[in-house]
Structures are given as C-alpha cells and as structure tokens.
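Reviewing the structure listed below.
The values are calculated or read from the model by the stated rules, or taken from the named source; none is laboratory data. Small disclaimer: the values here were computed from a predicted structure and weren't measured. Cβ sites come from the backbone with ideal geometry, for glycine too, and all protein chains shown count toward neighbours. With ligands, DNA and RNA removed, areas are computed over all heavy atoms of the protein, side chains included. Shrake-Rupley method; radii C 1.70, N 1.55, O 1.52, S 1.80 Å.
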Amino acid sequence: LTQPPFDASAMDGYALRVQDAAKVPASLTVIGESAAGRAFSGEIGPGQAVRIFTGAPLPKGADTVVMQEDTQAKDGHVVILEAPRGAKHIREAGLDFRAGQVLLNAGQRLDARHIALAAAMGHGMLPVRRKPKVAIIATGDELVQPGEMPKSGQIVSSNPYAVAAYVTSAGGEPLLLGIAGDTMVALESIIAKAKDSKADILVTLGGASVGEHDLVQPALKRQGLELGFWKVAMRPGKPLIHGRLGDMLLLGLPGNPVAAAICSMVFLLPAIRALQGDPQAGEDRYDTATLAVDLLENGPRRDYMRAAIVRDNKGGWLATGIKIQDSSMLSALAGADGLIVREPHEPAAKAGSPCRIIRFDALI
C-alpha cells in the first residue's frame, strides 16, 4: 500500500487555497467538512474553505491547511487571522511509504515497530522462520541438578541454564535433556534422545577435552558425528567441538562455566541467528573502548577478559579488566559488563590505550 494513501491534514483547522488568505484577516465561506473516514466530496473554489480534521483527506482545490487556533468561525464563515506561508500542515500521499517499496528485508527480527509497519503496509500474514530448537546436554558424574544438595565431590550443574537463557534471548527454543554420566552407555543414550527430538542444534557441556573421562567426542562419533573442527585458539574455551550429527549442528562446549558462557556468545548465538535467516549473523559485535588499567602482553590464544565497562566523561567506553580471570568464576562473569578482546600475542598495553570490547547488553 501507499501510506498515507491521499494528501491528508496534519492538523485540525481549515483547508483552503493559499491565495485566498494572502491578506488577512480574510473571510471565507465554509462549504463543508472533511473528517477521517468521511472525506469532503466537492471542490474548493475561490473564497471558500472546508472544515478539516487531523488525518482527513485534503479536498480537491485546497493547497494548505490553517490551524483552527489561527481562525475565527462564525455563521458559516471562517476568518483567517494568520496568512499561510505556502502548503502547510499537509501529509502528502506516500510520505511514509509507497507501494512497491521494500521496508522489511528477509532476516529482519520483528519487534513491535516492525509488526506495526507490516500491518500498515497491508500484510495480514508474514512468512517467518520458526524458532530453532536447541537440545542441551550436560555431562559429568560430579553434577547434580539445582535444588539438590551436592554430596562430597559433587557440584551443581549451572551451564545448561545459562545456555538455555542464551538460546531464548536469541529467539531459539531450548530443550534441556538433563545430565549424562561419564559412561559410553549413558552418553550414547542421551545423544540418541537428542537426535529423536529433531533439534536443529545439539549443545553438549563438558567432556570435550582429552582426559580419560572425556568421552563426549567418542560417543558422538559412534552416533555418526561428522567432525568440523576441535579446539580453538581462544581463552577461555579451547576444547570446543564443532560438527554435524545427522541434521543437527553440533557444538561441544567446555565444562568450565565461564568458558561455556563465552563460547555460547561467540559461537552459539550467531548460529541461532543464522538459522533464522539473519544476514548479519556472523558479523563482529565489537565496540571500541579505552583501557582504564595496564594490561600485560597476551599469550598465543585470543583472550576474552571479563571487564567492567562504563561511560567515560567524553561519552565513550572505559574498560577495566576484572582482577581474577579464572574460567570457573561465575561471580566475576555475573559482575562484569562485557569482555575485553585481545588478539594472540598482542603486546602489553597502557591505561588510556584503545581496546576492543563486547558489551553483554549489545549481544542480541
């Protein structure tokens, strides 16, 4: 559709010809009324005006609207007190959009603004991508569910709930399949359950390294894993597995909570966006900030440092790396505002130097 579909008044007032009110006060004959949904059907001639309301079609012959505050109406006439300076208070046909324009592109994530626009354009139905389904499996004999009291040597399983929250925030549908023990039978059983779920992505948590109890990759291979890559030069998150398992994309994330969270940000969120057709799914979501403290030379892996990020007095971002960067510390992750991203072998940097950051509030 074209919006507005006709020249419309932007004010309550009177529609008239500019030349008829060039000298004020000017008395004009009111010949009718134009309201939203009830247009005036005639034509305005010399010395005439039509009472008009906001959103109403501009009558034929009129070329301006004078606000009612600048008029006095009496006995079928209106006196124009303020001379109009050209065409005023008119929303021209097509001011918002015109038929044939593309305003919602494929891959656009719809919020209230876009839904309103689609409706105004005349679309009663829209083709959309369904929510990607993401199956989530935790692994490890040491894990117990939240709410259960851990026994000696056990810890509470928190990673699946963080991953599920990331999935939901990106528009996906999480499917929590529980905890698998460190046996081939247990792992193969829960992986088969994930395959039966018809999930689009399978995320495993833990068991992705090379220890004697890290059985996730062998179990996946026995279930048909096509390995894409294993291990990434990043910190935290080195033992990441990527591949396909039948129709499912596979991401095997580390068991350390912070590593699992950061790998979810870096790998899982873009994958979910890509499945929804987002053409910018793989684009970097970096900002530039200023370091508030000195940093030492970085090692051989890309480093994602948890950081406090605030506005400086110039309106830019100021980043302070959190003192302890241990990948098991959820309290530090929860207290951070984002990540300072450093490249492999990046040299030492002084406070005041520029750096790259990822703000948590800008990830979605």
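General observations
- Segment 335-364 residues that are β-branched (Val, Ile, Thr), paired with ones that are open to solvent by 50 Å² or more (accessible area, probe 1.4 Å) (beta carbon under 8 Å, 6 or more apart): Ile340/Arg356; Val341/Tyr286; Val341/Arg302; Val341/Arg356; Ile357/Tyr286; Ile357/Thr288; Ile358/Arg285; Ile358/Tyr286
- Failed criterion for Arg130 (all others in (1) open to solvent by 90 Å² or more (accessible area, probe 1.4 Å); (2) of a type outside the set (Val, Ile, Thr); (3) at pLDDT 95 or above; (4) over 25 Å from Glu43 (Cβ atoms) hold): (3)
- Residues (surrounded by fewer than 14 Cβ atoms within 10 Å (Cβ to Cβ), modelled with pLDDT of 95 or more and either under 15 Å from the mean Cα position of the chain (by Cα) or among the aliphatic types (A, V, I, L, M) (or both)) located in segment 100-116: Val102, Leu103, Ala112, Arg113, Ile115, Ala116
- With a requirement of 1 or more residues that are open to solvent by 70 Å² or more (accessible area, probe 1.4 Å), the strands (runs of 3 or more DSSP E) lying completely within segment 311-364 that satisfy it span 354-359.
Every residue, every condition in (1) farther than 19 Å from Ser353 by Cβ; (2) over 24 Å from the mean Cα position of the chain (by Cα), yes or no:
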residue: Ala292; (1), (2): no, yes
residue: Leu296; (1), (2): no, yes
residue: Asp303; (1), (2): no, yes
residue: Ala308; (1), (2): no, no
residue: Lys314; (1), (2): no, yes
residue: Ala319; (1), (2): no, no
residue: Gln325; (1), (2): no, yes
residue: Ser328; (1), (2): yes, yes
residue: Ser331; (1), (2): yes, yes
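- Tabulated pairs, segment 52-63, first among the basic types (Lys, Arg), second outside any loop (DSSP other than H, G, I, E, B), C-beta under 7 angstrom, 6+ apart or interchain: Lys60/Glu43
- Of everything listed in (1) out of contact with any Gly (no Cβ under 7 Å at 6 or more places or on another chain); (2) closer than 16 Å to Asp7 by Cβ; (3) open to solvent by less than 40 Å² (accessible area, probe 1.4 Å), the single unmet condition for Val66 is (1).
- Within segment 258-270, the set of residues being surrounded by 22 or more Cβ atoms within 10 Å (Cβ to Cβ) and touching a residue at least 40 places away in the same chain (Cβ under 8 Å) comprises Val258, Ala259, Ala260, Ala261, Ile262, Ser264, Leu268.
- Enumeration of residues in segment 45-61 that are in a loop (DSSP other than H, G, I, E, B), under 18 Å from Gly86 (Cα atoms) and out of contact with any helix residue (DSSP H, G or I) (no Cβ under 9 Å at 6 or more places or on another chain): Gly45, Leu58, Pro59, Gly61
- Residue in segment 25-40 that is surrounded by 19 or more Cβ atoms within 10 Å (Cβ to Cβ), of a type outside the set (A, V, I, L, M, F, W, C) and touching a residue at least 40 places away in the same chain (Cβ under 8 Å) present: no
- Once segment 239-257 is narrowed to residues that are more than 15 Å from Val216 (Cβ to Cβ) and assigned to a loop (DSSP other than H, G, I, E, B), the residue that is most open to solvent (accessible area, probe 1.4 Å) is Asp247.
- Across segment 1-42, the number of residues qualifying as aromatic (Phe, Trp, Tyr) and in contact with a helix residue (DSSP H, G or I) (Cβ under 8 Å, 6 or more places away or on another chain) comes to 1.
- Residues in segment 71-128 that are polar (S, T, N, Q) and under 30 Å from Leu16 (Cβ atoms): Thr71, Gln72.
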